Amino acid sequence: MDTTKVVIYIPADTIGRGSDELGAVLMRNFLYTVQETMTPWRIIFINSGVKLAAQGSEVTAVLKNMEAKGTEILSCGTCLDYFGLKTSLVAGRISNMAEILASLTEATKTVSP
């Protein structure tokens, strides 16, 4: 039995600095690649990263697929409130900083794009 608890920590809806358009493409590619290569224990979205789990995101189908395979998708409730997305969450569930901290502490490995 694999006891590895991999957390993917996503603090933004893009990867890198410079072009946000390119950063959005890179984030989509990253999540598609995660979906194809592993089943993380949890994916945690904070700050603008929560936009990826909300209605209108191009990756919600990917997130729902990973969720169906057993990955927990957690989005920061404060962040969802800030962006006015709390009622638009379509993948995963609302979390809080206590659970996010506990997840990062319990993880055997944390990956962030």
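Here L89 does not fit the description of being within 16 Å of V6 (Cβ to Cβ) and without any contact (Cβ under 8 Å) to a residue 40 or more places away in the chain.
Does segment 94-101 contain any residue that is of a type in the set (A, V, I, L, M, F, W, C) and closer than 22 Å to G23 by Cβ? For segment 94-101, residues of a type in the set (A, V, I, L, M, F, W, C) and closer than 22 Å to G23 by Cβ: absent. Would you pick out the residues in segment 72-113 that are part of a strand (DSSP E or B) and not acidic (D, E)? Listed by number, the residues that qualify are I73, L74, S75, C76, L89, R93, I94, S95, K109, T110, V111. Scanning segment 15-25 for residues that are assigned to a helix (DSSP H, G or I) and closer than 16 Å to A53 by Cα turns up A24, V25.
Report yes if N29 is within 22 Å of E99 (Cα to Cα), modelled with pLDDT of 95 or more, out of contact with any Ser or Thr (no Cβ under 6 Å at 6 or more places or on another chain) and not hydroxyl-bearing (S, T, Y), otherwise no. Break it down stepwise before answering.
Details: within 22 Å of E99 (Cα to Cα): no; modelled with pLDDT of 95 or more: yes; out of contact with any Ser or Thr (no Cβ under 6 Å at 6 or more places or on another chain): yes; not hydroxyl-bearing (S, T, Y): yes.
No, not satisfied.
From the list Y9, Y32, the lone residue that is open to solvent by 50 Å² or more (accessible area, probe 1.4 Å), touching a residue at least 24 places away in the same chain (Cβ under 8 Å) and part of a helix (DSSP H, G or I) is Y32.
The values are calculated or read from the model by the stated rules, or taken from the named source; none is laboratory data. Here the structure is a predicted model, which means the values were calculated and not measured. Glycine also receives a Cβ, built like all others from the backbone with ideal geometry; neighbour counts cover every protein chain displayed. Each accessible area value is taken on the protein alone, full model and side chains, heavy atoms only, with ligands, DNA and RNA left out. Shrake-Rupley method; radii C 1.70, N 1.55, O 1.52, S 1.80 Å.
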